[in-house]
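The values are calculated or read from the model by the stated rules, or taken from the named source; none is laboratory data. Please read all numbers here as calculations on a predicted model, not as lab measurements. Ideal geometry is used to build each Cβ from the backbone, glycine not excepted, and the neighbour counts take in all protein chains shown. Heavy atoms of the whole protein, side chains included, go into the accessibility calculation; ligands, DNA and RNA do not. Shrake-Rupley method; radii C 1.70, N 1.55, O 1.52, S 1.80 Å.
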Amino acid sequence: MHPFRNPKPCLSLFHHLFRFRITPTTNSPYPTIPSNHFSTDSSTTYPTTTKTTTSVSIDAGSSNRKPISLWPGMFHSPAIYALWEARSSVFENPVLSNGPSVLKTPSRSRTCIFYNFSEDHMLREQYRNPWNHIRVGKLVEDFDALAGTVAFKHCSNEDGTARPLLLVTASVDKMVLKKPIHIEADLTIVGAVSWVGRSSMEIQLELTQSAQGNPNISSSPALVANFTFVARDSATGKAAPINQISPESEQERLLWEEAEERNKFRKRMKQEQKHGESEDPARLKALLAEGRIFCDMPALANRDSVLMKDTCLQNSFICQPQQRNIHGRIFGGFLMRRAFELAFSTAYAFAGAAPHFLEVDHVDFFKPVDVGNFLRLKSCVLYTELDNIAEPLVNVEVVAHVTKPEHRSSEVSNRFYFTFGVDPVAIKNGLRLLHVVPATEEEHGRCLNAWMLRT
């Protein structure tokens, strides 16, 4: 029997994996579940970022399922399915007009999801990598789904109905790992809107872990990310105004100011790139000079260096219907996960030892990717940072190309920048990384752009 012909029995396997918590709004469309619904979770304390609010729980394994054709989230992780299904009742009764914008507080959009890794072995196995660490690529995928849910809640009307908007990920600015994430400890991801423009918003997400008696785990955030979403009118595709935000607490006002500075920095970066005004650090100039020696006098080239083109990897695939989001296009979190996995492999092949994730420096979403598109992901090491020999860094770029053989065309849809560290044991045992040098002005420009995004 095909495993997806009758989704209810299949999905009911996941009912014990998640506790999904959202902050309710007035006349919320989400169902209220009795407080004793999860008997094994009655004593769990969930961390919050600012204001403590009452929350309701949504069972990720509810038998009240939607048709497969409407909810492709079931083909992703149980967390993503739960997040997407939380929006289902609103999508079934959308309003036909935009209506006036309203002023909302960050607490109105605050949403968190809890991973019960300490008790649910089935869930934990889905997020375990071969080195018994967390699969960061899957977390990145979940982060995008949670950010989308937060954006959706902020843009909904006061009565909880959906406005006719398309909300899409525009970019990711700095997803920074502040401390190790332990696969055996419960974790919670919390997100809320931190800044709003006319048609765009920034959403900050924080991942925290429960110490549960482990002295190596603290309650401070382990991973922090900032997602930028933009709103488009579903009929015209043009930018659409969204609800504004009113910070309540001092911390929320501080987050607003920090997000405002990041927004100004993004605009300044675009102007500098447009007019070629970026300051070229001496170190990158020296790398380009060394790359020219590789090309013109290879016998005299520095043997501690390697050309950028010799660090490249790539893969290709057809985008399947199961990878689409609720708008029918390929889910941005899926693209981020695939890009992360290729970047990890690239750093691994370059370093000769297993890398560990440190940052998503930046992600750009230029064009949507549709079901059936032929997608090519190309990666390379842009540069290495070897100033601290004990803790060398590897910066990897991944570029996604939507290729259309019928039209003989190929367009860039996404750019991803990642920074990895290298296994400290391998470094201690004598492993040394090479300098990566650009051979052309175009490669040098890519290095400079990545360097500016990281600094």
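Details
- Leu288 more than 26 Å from Phe227 (Cα to Cα) and assigned by the TED database to the domain that holds Ser379: yes
- From the list Leu313, Leu335, the one residue that fits, being surrounded by fewer than 23 Cβ atoms within 10 Å (Cβ to Cβ) and either of a type in the set (A, V, I, L, M, F, W, C) or under 18 Å from the mean Cα position of the chain (by Cα) (or both), is Leu313.
- Residue count, segment 103-138 (criterion: in contact (Cβ under 8 Å) with a residue 24 or more places away in the chain and part of a helix (DSSP H, G or I)): 10
- Residues that are hydroxyl-bearing (Ser, Thr, Tyr) and crowded, with 16+ Cβ neighbours inside 10 Å, drawn from segment 235-261: none
- Residue in segment 435-450 that is out of contact with any Gly (no Cβ under 6 Å at 6 or more places or on another chain) and over 25 Å from Lys270 (Cβ atoms) present: yes
- Entirely in segment 343-455, the strands (runs of 3 or more DSSP E) that have 2 or more residues that are over 22 Å from Asn315 (Cβ atoms): 355-365, 374-385, 409-422, 435-437
- Test for Arg454: is it open to solvent by 70 Å² or more (accessible area, probe 1.4 Å) and either under 24 Å from Ala289 (Cα atoms) or among the hydroxyl-bearing types (Ser, Thr, Tyr) (or both): no
- Scanning segment 395-425 for residues that are exposed (fewer than 13 other Cβ atoms within 10 Å of the Cβ) and β-branched (Val, Ile, Thr) turns up just one, Val425.
- Residues of segment 197-226 satisfying the condition of being among the β-branched types (Val, Ile, Thr) and under 15 Å from Asp173 (Cα atoms): Ile203, Val224
- The one condition in (1) touching an Asp or Glu at 6+ places or on another chain (Cβ under 6 Å); (2) open to solvent by 30 Å² or more (accessible area, probe 1.4 Å) that Ile293 fails to fulfil: (1)
- Test: residue in segment 426-449 that is modelled with pLDDT under 90, among the aliphatic types (A, V, I, L, M), crowded, with 21+ Cβ neighbours inside 10 Å and not assigned by the TED database to the domain that holds Lys178: yes
- Residues of segment 173-188 satisfying the condition of being in contact with an Asp or Glu (Cβ under 7 Å, 6 or more places away or on another chain) and either free of Cβ contacts under 8 Å to residues at least 60 places away in the same chain or surrounded by 23 or more Cβ atoms within 10 Å (Cβ to Cβ) (or both): Met175
- When Ile389 is tested against (1) touching a strand residue (DSSP E or B) at 6+ places or on another chain (Cβ under 6 Å); (2) among the hydrophobic types (A, V, I, L, M, F, W, C); (3) over 18 Å from Lys367 (Cβ atoms), exactly one condition is not met: (1).
- Among (1) closer than 23 Å to Gly237 by Cα; (2) at pLDDT below 95 - the single one Gln322 does not satisfy: (1)
- Long-range neighbours under 7 Å by Cβ, at least six apart or interchain, first residue farther than 27 Å from Leu166 by Cβ within segment 240-262, second open to solvent by 40 Å² or more (accessible area, probe 1.4 Å): Glu248/Lys51; Ser249/Lys51
- Residue in segment 218-225 that is in a helix (DSSP H, G or I) and assigned by the TED database to the domain that holds Lys264 present: no
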